[in-house]
Amino acid sequence: MARQEKISKNLDWICVLIFIVCVLMGWLNIYAAIYNPENPLWIGDAGFFDTNAGKQLIWIGTTVLLIIAILVIDYRFYETTAFFIYGFFIFTLLAVLVFGAEIKGSNSWIRIGGFQVQPAEFAKMATALALAKYISTPMVNLSRFKDQFNVAMLILIPPILILISHETGVALVFTGFIVLLYREGLPGVYPASFLSVIVLFVLSLIYPTWQIFVGVAILAGLIIWIIPRYERKTRNIFIIIGVSISMIVFVTGVDWAVNNILQEHQRNRIKVLVDPDFDRKKTGYNVRQAKIAIGSGGLVGKGFLQGTQTKFDFVPEQSTDFIFCTVGEEEGFAGSLLVVGLFLGLLLRVIYLAERQKSRFARVYGYGVVSILFFHFMVNIGMTIGLMPVIGIPLPFFSYGGSSLWSFSILLFIFLKIDAHRTQVLSRW
């Protein structure tokens, strides 16, 4: 009893409160998304638990049990078994390639009765644990190539297996770990290169290749002209020219890859991002209807269960990937701002908790939580308002889905459990 009292005393209740509010708001919006005014179902009505809202309620109940189990287990268990957990989920990703059920073009699911579980969602949490375990190992230094290579392998193996099962969206989430790695000492050239690649990729989709070539050449010339004369050494000039050539090769490769590697629906999603009016009746339909739904909510929204775009199913996948549309339509700008505020509050709070940890394992894992949640939050909301391509990833704690709710809850509460015992953690920096 004393042990449980200590956990309840040291548990960060700010994070817990934000979590509860997000889950409750998420469930209400899922219910609104599936609500049928001609046949309104509520808890206890026949057929209610066959709907997404009913199933989500079951997932929420099981999530409570999972959270209790996480808080009861010894906090040292997660560090001790980090690599075993990682290995287990690598095995499940391999198994799903053979035994997985195909749902909407992706065979990344395992059917259990009337429910489906997606191992890829849990692989993110397992990778965060494995990274924390490896980086917290004595003598590991992310400024050394050997450790950079080992970390890269830990991060790359899961998304490669996920991509093989045709689940592109979840695989891209692993790029968010760049935040964690930079915090733990990865040289700045890596995140700078990562951001440069993203900028070049976007520019190559918007502008003709020859214009980018000219722009790169002018930029290289300006850099050589601006740098002090004593820095204009042959070595530095060759570095600038080499980087410029690499940029040109990359831009050329983007054009080739988009047209020869990506599948047609993936190419179309990118085209919609660049040109909102592209294929308005098919590929561009989701984003267009999402914008209409969010915009129609105005300042305070149309009211709970009053959303016409929601009620008449104008936006596909509105209880999953596009749940933010329901928030925007029925709760308006005020409700949308509240959701954004909740996520920013949670992210900032987890960063604060991570920075106060006494063990490097706990800190690294805390930043892993931030990396995953931030990527999902940024991309999901970004794609509903047309700022990001539609890649099909859920909004944490809001979107319908047991796998996502379980994985995000486990991810967060493992960290809160470790934080509750931060004064007892013995790992050294």
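The values are calculated or read from the model by the stated rules, or taken from the named source; none is laboratory data. This is a predicted model, so every value here is computed, not measured. Please note: Cβ atoms are built from the backbone with ideal geometry, for glycine as well, and neighbour counts cover all protein chains shown. Keep in mind that these areas ignore ligands, DNA and RNA; they rest on the heavy atoms of the full protein, side chains included. Shrake-Rupley method; radii C 1.70, N 1.55, O 1.52, S 1.80 Å.
Could you please let me know if Thr127 is touching a residue at least 12 places away in the same chain (Cβ under 8 Å), among the β-branched types (Val, Ile, Thr), under 20 Å from Leu412 (Cβ atoms) and touching a Gly at 6+ places or on another chain (Cβ under 9 Å)?
So Thr127 passes the test.
Would region 300-312 turn up any residue that is more than 20 Å from Thr168 (Cα to Cα), modelled with pLDDT under 75 and part of a helix (DSSP H, G or I)?
Yes, the conditions are met somewhere in region 300-312.
Out of (1) open to solvent by 70 Å² or more (accessible area, probe 1.4 Å); (2) more than 21 Å from the chain's Cα centre (by Cα), the odd one out for Asp12 is which?
Evaluating Asp12 over (1) open to solvent by 70 Å² or more (accessible area, probe 1.4 Å); (2) more than 21 Å from the chain's Cα centre (by Cα) leaves (1) as the failure.
Val173 - would you say it is open to solvent by 40 Å² or more (accessible area, probe 1.4 Å) and aliphatic (A, V, I, L, M)?
It is false that Val173 is open to solvent by 40 Å² or more (accessible area, probe 1.4 Å) and aliphatic (A, V, I, L, M).
I'm trying to understand the selection: among the residues of region 135-153, which are in a helix (DSSP H, G or I) and without any contact (Cβ under 8 Å) to a residue 24 or more places away in the chain?
Listed by number, the residues that qualify are Phe145, Lys146, Asp147, Phe149, Asn150, Ala152, Met153.
Report whether or not Gly215 is at pLDDT 80 or above, surrounded by 13 or more Cβ atoms within 10 Å (Cβ to Cβ) and not in a helix (DSSP H, G or I).
It is false that Gly215 is at pLDDT 80 or above, surrounded by 13 or more Cβ atoms within 10 Å (Cβ to Cβ) and not in a helix (DSSP H, G or I).
Can you work out which of the residues in region 365-392 that are touching a helix residue (DSSP H, G or I) at 6+ places or on another chain (Cβ under 7 Å), in a loop (DSSP other than H, G, I, E, B) and surrounded by fewer than 24 Cβ atoms within 10 Å (Cβ to Cβ) is modelled with the highest pLDDT?
Among them, the one singled out is Ile385.
Go through region 398-429 residue by residue and tally those that are closer than 17 Å to Ala123 by Cα and assigned to a loop (DSSP other than H, G, I, E, B).
The number of residues fulfilling the criteria is 1.
Consider only pairs whose beta carbons are under 7 Å apart and that are at least six residues apart or on different chains; among these, list those whose first residue lies in region 18-32 and is over 17 Å from Gly345 (Cα atoms) and whose second residue is part of a helix (DSSP H, G or I) and open to solvent by 20 Å² or more (accessible area, probe 1.4 Å).
Between residues of region 18-32 that are over 17 Å from Gly345 (Cα atoms) and residues that are part of a helix (DSSP H, G or I) and open to solvent by 20 Å² or more (accessible area, probe 1.4 Å), the close pairs are Trp27/Leu57; Trp27/Ile60; Ile30/Asn52.
Restrict the check to region 169-191 and report whether at least one residue is free of Cβ contacts under 8 Å to residues at least 12 places away in the same chain and over 30 Å from Phe88 (Cα atoms).
Yes, region 169-191 has at least one match.
Tell me yes or no: at least one residue of region 403-412 is of a type in the set (Phe, Trp, Tyr), under 20 Å from Leu347 (Cα atoms) and surrounded by fewer than 22 Cβ atoms within 10 Å (Cβ to Cβ).
Scanning region 403-412 turns up at least one residue that is of a type in the set (Phe, Trp, Tyr), under 20 Å from Leu347 (Cα atoms) and surrounded by fewer than 22 Cβ atoms within 10 Å (Cβ to Cβ).
Filter region 228-278 down to the residues that are part of a loop (DSSP other than H, G, I, E, B) and surrounded by 14 or more Cβ atoms within 10 Å (Cβ to Cβ), then identify the one that is modelled with the highest pLDDT.
So the residue we want is Leu262.
In region 338-356, what residues are open to solvent by 10 Å² or more (accessible area, probe 1.4 Å) and either part of a loop (DSSP other than H, G, I, E, B) or under 15 Å from Leu395 (Cα atoms) (or both)?
Passing the criteria: Leu338, Val340, Gly341, Leu342, Leu344, Leu347, Arg356.
Looking at Ala334, Ala290 in this structure, which one is of a type outside the set (Ser, Thr, Tyr), within 20 Å of the chain's Cα centre (by Cα) and farther than 24 Å from Leu412 by Cβ?
Ala290
What number of residues within region 163-208 satisfy the criterion of being assigned to a helix (DSSP H, G or I) and within 14 Å of the chain's Cα centre (by Cα)?
Of the residues in that region, 13 qualify.
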